[in-house]
Amino acid sequence: GGQGLNICWRDVHALIQLTSMAKRNEVSYNQIPKLYKRKRIIDIYALGIFTDLTVRLFSNDNIALIFIRRIVFSMLRNSKYLRIKIMKVMTYGLSIL
């Protein structure tokens, strides 16, 4: 589904948590928008920055960026831990770190 779908599910999860808190009278319903923004803003901006940097890194023929791509792919090819960690961040967001 891609990052848009992943971030959508993280948004839904956050909203479910906040509405559950409101049902238990831990927060008021009026606080949900502010709390949602506070809870999700870092993940949303981080995804935007990561996506922008990825597009810039992989969509041009700049010799310096080609060199960086080779290093990154080499690191990913040789590190199962790094591949798993990246997939978890892409799926679950920065909260997994």
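Structural remarks
- Of all the residues in segment 1-16, those that are free of Cβ contacts under 8 Å to residues at least 12 places away in the same chain and assigned to a helix (DSSP H, G or I) number 7.
- Restricting MET21, MET75 to those that are at pLDDT 95 or above and not small (Gly, Ala, Ser) reduces the list to MET21.
- Any hit, segment 52-59, residues being modelled with pLDDT of 90 or more, of a type in the set (D, E, K, R), open to solvent by 90 Å² or more (accessible area, probe 1.4 Å) and within 18 Å of the chain's Cα centre (by Cα): no
- Scope segment 60-87; condition assigned to a helix (DSSP H, G or I), open to solvent by less than 100 Å² (accessible area, probe 1.4 Å) and among the polar types (S, T, N, Q); matching residues: SER74
- Applying the condition of being over 9 Å from the mean Cα position of the chain (by Cα) and either within 17 Å of TRP9 (Cα to Cα) or touching a residue at least 24 places away in the same chain (Cβ under 8 Å) (or both) to segment 39-51 and asking which residue is surrounded by the fewest Cβ atoms within 10 Å (Cβ to Cβ) yields ILE41.
The values are calculated or read from the model by the stated rules, or taken from the named source; none is laboratory data. None of these values were measured; they are calculated from a predicted model. We place every Cβ from the backbone using ideal geometry, glycine too, and count neighbours over all the protein chains shown. Quick note on the areas: whole protein, heavy atoms, side chains included, nothing else; ligands and nucleic acids left out. Shrake-Rupley method; radii C 1.70, N 1.55, O 1.52, S 1.80 Å.
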